[in-house]
1. How large is the convex hull of the Cα atoms of the chain per residue, expressed in Å³ as a whole number?
2. Given q = 0.13 Å⁻¹, what are the Debye log10 I(q)/I(0) values for segment 246-380, with equal point scatterers placed on the Cα positions and solvent ignored?
3. Please list, in order along segment 23-35, the HN-Hα scalar couplings obtained from phi with the Karplus expression 6.51 cos²θ - 1.76 cosθ + 1.60 (θ = phi - 60°), rounded to whole Hz, x for Gly and Pro.
4. Considering segment 42-89, what Rg and Dmax in Å follow from its alpha-carbon atoms?
5. Place a +1 charge on the Cβ of each Lys and Arg in segment 104-174 and a -1 charge on the Cβ of each Asp and Glu, then give the dipole magnitude about the Cα centre in debye, rounded to the nearest 20.
6. Please compute, over every Cα-Cα pair in segment 1-104, the percentage with a separation greater than 20 angstrom.
7. In debye to the nearest 20, how big a dipole does segment 217-341 give about its Cα centre with +1 on each Lys and Arg Cβ and -1 on each Asp and Glu Cβ?
8. How large is log10 I(q)/I(0) at q = 0.12, 0.14, 0.15, 0.22 Å⁻¹ when the Debye formula is applied to the Cα atoms of segment 171-281, each weighted equally and without solvent?
Amino acid sequence: MTPSSEIPPFPVISWPEADGPQSARWRSEAGVPPPKRVVIADDRTTADSAYRLACEGTALLWRGDFQNARQLLQAMSRRLERKPPKRATSPLDAFNLHRQAQSQRARTLGMLLIPLDADYTIPLRRAPNVQDACAETYGPAGADTSVVSLREVLGLIGAHEWRKKGVEIPALGERIHPYYGVFSPVRGEYIDLVARTPLPSQGLAFDVGTGTGVLAAVLAKRGVQKVVATDQDPRALACAQENLARLGYADSVEILDADLFPPGRAPLVVCNPPWLPARPASPIEYAIYDHESRMLLGFLNGLADHLEPGGEGWLILSDFAEHLGLRTRDDLLAAIDRAGLIVAGREDIRPRHPKAADASDPLHAARAAEVTSLWRLKAR
């Protein structure tokens with residue numbers, strides 16, 4: 001850490017020291033601005049004191065033992081859980097309260113910070129080696145020391161392990177390895193829909209918003225000769241490229257940086273957009289929340305111009321938003337109709353993820369009723 005002087009081309013966090021103000025590069029994959037108030041904390045800092053400061057908006061830059069910092073974070077989390085949840089009056093109210101609680105949790109727990117040396121080592125006692133995890137997310141190490149929330153670092157470690165281990169995909173008989181910030185295909189039901197629905201053609205398919213590349217891989221495994229998979233996120237593009245190459249589909253799947261559709265038309269166009277029409281709170285949430293249904297409506301409104309005569313567009317969409325009151329079935333059907341499309345058929349599947357059976361989840365009623373559908377759409 002060095003005294004602040006020049007203004008660098010990245011966010012900077014500053015804090016007081018005995019020999020004067022210090023500063024370092026601020027890192028936040030969630031796009032959170034650097035805290036304005038920072039105090040030094042160490043092994044003598046109590047959980048009550050840390051929690052109070054964090055709730056007041058004061059960040060704690062940790063100088064003690066790394067494992068003690070993890071325990072402190074857990075203690076702060078337990079204090080958050082003690083607060084009785086507000087009673088929801090409707091599914092939509094439950095969703096809004098749930099998001100508020102998530103936001104408050106992220107904001108409060110994100111106030112416990114740790115330093116990173118320029119080579120991504122953590123200069124704390126008993127700190128793990130996070131160099132590979134940081135390099136995968138932040139890019140190659142440079143010359144800048146930095147400060148990051150402990151919660152984010154733990155997320156990087158978890159994502160690094162997922163990337164190494166991968167996610168088993170029964171429809172492929174292989175594993176998909178997600179990158180940090182790229183939606184992991186842990187909900188296999190939407191993959192099963194693509195794996196079982198009869199193909200209109202095996203000649204060409206577009207996979208719009210490919211993410212990890214899992215649906216492109218499923219289509220290639222089913223015998224589609226050429227798949228063009230698109231995405232705009234650089235991490236997703238790199239992730240899909242790596243997964244498809246490892247699975248042996250590099251020659252049959254082309255990865256393209258594009259907003260929604262690639263050029264041309266295809267007899268099959270597949271899209272699995274984010275399922276909830278709400279505003280993302282951070283860049284990482286763009287895989288879950290589709291503000292004002294931008295991707296959904298963009299896909300529907302552009303589909304007819306990218307389908308070959310007689311071709312099908314496969315829209316994979318959960319009705320979770322409908323059960324939450326964020327969208328109605330009539331809204332969806334009207335959007336399909338306005339786009340000059342008709343519904344040729346629909347395949348449905350129930351979710352298998354653990355939350356669907358967790359009665360303590362604040363959104364349990366909506367999750368228990370959820371159905372994921374593959375809508376087979378054709379140009380009118």
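1. Details: hull volume 56.3 nm³, N = 380.
Normalising the Cα hull of the chain by residue number yields 148 Å³.
2. Ignoring solvent entirely, the Cα scatterers give -0.63.
3. 8, 7, 5, 9, 10, 7, 5, 7, x, 6, x, x, x
4. Using the Cα atoms of segment 42-89, the pair Rg, Dmax is 12.6, 44 Å.
5. Details: 8 positive and 9 negative charges, 83 e Å.
I would put it at about 400 debye.
6. Details: 2895 of 5356 pairs.
Tail fraction, whole percent: 54.
7. On the way: 11 positive and 18 negative charges, 53 e Å.
Roughly 260 debye, rounded to the nearest 20.
8. -0.36, -0.50, -0.57, -1.29
Readers should treat all values here as calculations from the given coordinates under stated rules, not as data from a laboratory. Please read all numbers here as calculations on a predicted model, not as lab measurements. We place every Cβ from the backbone using ideal geometry, glycine too, and count neighbours over all the protein chains shown.
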